[in-house]
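Please read the structure below before turning to the comments.
The values are calculated or read from the model by the stated rules, or taken from the named source; none is laboratory data. Computed from a predicted model, the values in this text were never measured in an experiment. Cβ atoms come from the backbone with ideal geometry, glycine included; neighbour counts cover every protein chain shown. Surface areas here come from the heavy atoms of the whole protein model, side chains and all, with no ligands, DNA or RNA. Shrake-Rupley method; radii C 1.70, N 1.55, O 1.52, S 1.80 Å.
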Amino acid sequence: MSREVFELVREMNHDDIETQLALQCAPVIVGLKTSNLLIVENGNMHKVKNILKGSVMSCYVLLASEKKTTILLYNKRKLDLFLSDGKVKELLEELGYGSTVLGDILPVFRARYEKYMYMSGGTVFPHEMGILLGYPVEDVKGFIINDGKNSLYTGYWKVYSNLAEKLQLFQKFEWAKETLVQLVSKGVSMEDIIHIYSEKQRYSSHLRMMQVTVQP
């Protein structure tokens, strides 16, 4: 993060939901990532839903405590596509999932995550969280096999292969965060930001579909 943006972040209200979205979820908002976790005060849940209304993004509550709510913020089309990958399906089956349909996975994962968070000791961390966050399968597997150790690099997740490629991706994620922080600091509403990027993603998706259609 550049010095200029770092100073902007210091001056911003970190309790504001728009600031939280910019800091926690920039990669998924701009379309670089399938999903992100978002942790907000319970009273801000309705604001999140209002901001996302009409966009390409959805949200699913994973955990609600007395004060905080943990949300999975995701692009359904991209996450569905990711879950359809053969290697992803194989790993989910290994982790005990009988279905790789998002609507079937989320309730099961939420129950496992709640159990892990609320029960001390004896409960295995649900590694499928990495899949739901769109992490590369090779890195999720590497994390499981190495028990979270021996990674090549720790950034937005722990990297176990293709380091150069992941470093470039992390730089793009940082660019997304800096861009959104600057926009929010200048008074652009998060609702407008999400709408603009949603339209860009819809347009890009439409172009790809047209290209596939016209191929001989």
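Could you compute how much accessible surface CYS59 exposes when probed at 1.4 Å, giving the result in Å² to the nearest 10?
Around 40 Å² of this residue is reachable by solvent.
Could you check the spin-label model distance between ASN50 and LYS200? Points 7 Å from the Cα along Cα→Cβ, value in nm.
In this crude label model, ASN50 to LYS200 measures out at 2.6 nm.
For LEU32, LEU180, give me the order by solvent-accessible area with a 1.4 Å probe, most accessible first, ignoring ligands, DNA and RNA.
Result, largest first: LEU32, LEU180.
For a quick check of understanding: with a 1.4 angstrom probe and all protein chains in place, what accessible area in square angstrom does ARG77 have, to the nearest ten?
Accessible surface of ARG77 is approximately 100 Å².
At 0.36 nm per residue, and after removing the present C-alpha to C-alpha distance, how many nm does the segment from ASP104 to ASP80 gain when stretched out fully?
Once the chain is fully extended between ASP104 and ASP80, it gains 7.5 nm.
Taking springs between alpha-carbon atoms closer than 10 angstrom, which of ILE145, ILE51, ILE17 fluctuates most in the Gaussian network model of the chain?
Of the options given, ILE145 has the highest mean-square fluctuation.
Counting only the heavy atoms of the protein chains, how much of TYR118 is accessible to a 1.4 Å probe, in Å² to the nearest 10?
130
Which of LEU91, GLN171, GLY148 sits closest to the plus end of the dipole of the chain, meaning its Cα is farthest towards the positive end, when Lys and Arg get +1 and Asp and Glu get -1 on the C-beta?
Final value for the positive-end residue is LEU91.
In a Gaussian network model over the chain where Cα atoms closer than 10 Å are linked, find which of ILE71, ILE105, ILE131 has the largest mean-square fluctuation.
Greatest mean-square fluctuation among the candidates belongs to ILE105.
For region 70-82, in order, what is each residue's ³J(HN,Hα) by Karplus, 6.51 cos²θ - 1.76 cosθ + 1.60 with θ = phi - 60°, in whole Hz (x at glycine and Pro)?
9, 10, 8, 9, 8, 8, 4, 4, 5, 5, 4, 5, 4
Report ³J(HN,Hα) in whole Hz for each residue of region 130-135, in order, from the Karplus equation J = 6.51 cos²θ - 1.76 cosθ + 1.60 where θ = phi - 60°; Gly and Pro get x.
x, 5, 5, 8, x, 5
Working from the pairwise distances between different alpha carbons, so that the mean of 1/r is found and then inverted, what is region 88-157's Kirkwood radius in Å?
13.0
Note down the Stokes-Einstein diffusion coefficient of the chain in µm²/s, whole number, using a Kirkwood radius over alpha carbon pairs, 37 °C, and 0.692 mPa s.
In µm²/s, the coefficient is 176.
Can you tell me the dipole magnitude for region 1-59 around its Cα centre, using point charges on the Cβ only (Lys, Arg +1; Asp, Glu -1), in Debye to the nearest 20?
320
Around ILE71, which amide H atoms from residues at least 5 apart in sequence, or from another chain, sit under 5 Å from its own amide H, with H modelled in the peptide plane?
LEU38, ILE39, VAL40, LEU62
Rg and Dmax of region 23-86, using alpha carbons, in Å: what are they?
My reading of the Cα-based Rg and Dmax gives 12.2, 39 Å.
How far, in nm, would the chain grow between LYS115 and GLU191 when pulled straight, counting 0.36 nm per residue and subtracting the alpha carbon separation?
Result for the pair: 24.0 nm of gain on full extension.
Starting from the 7 Å offset along Cα-to-Cβ, what nm value, one decimal, do you get for the label separation of VAL61 and ASN162?
3.6
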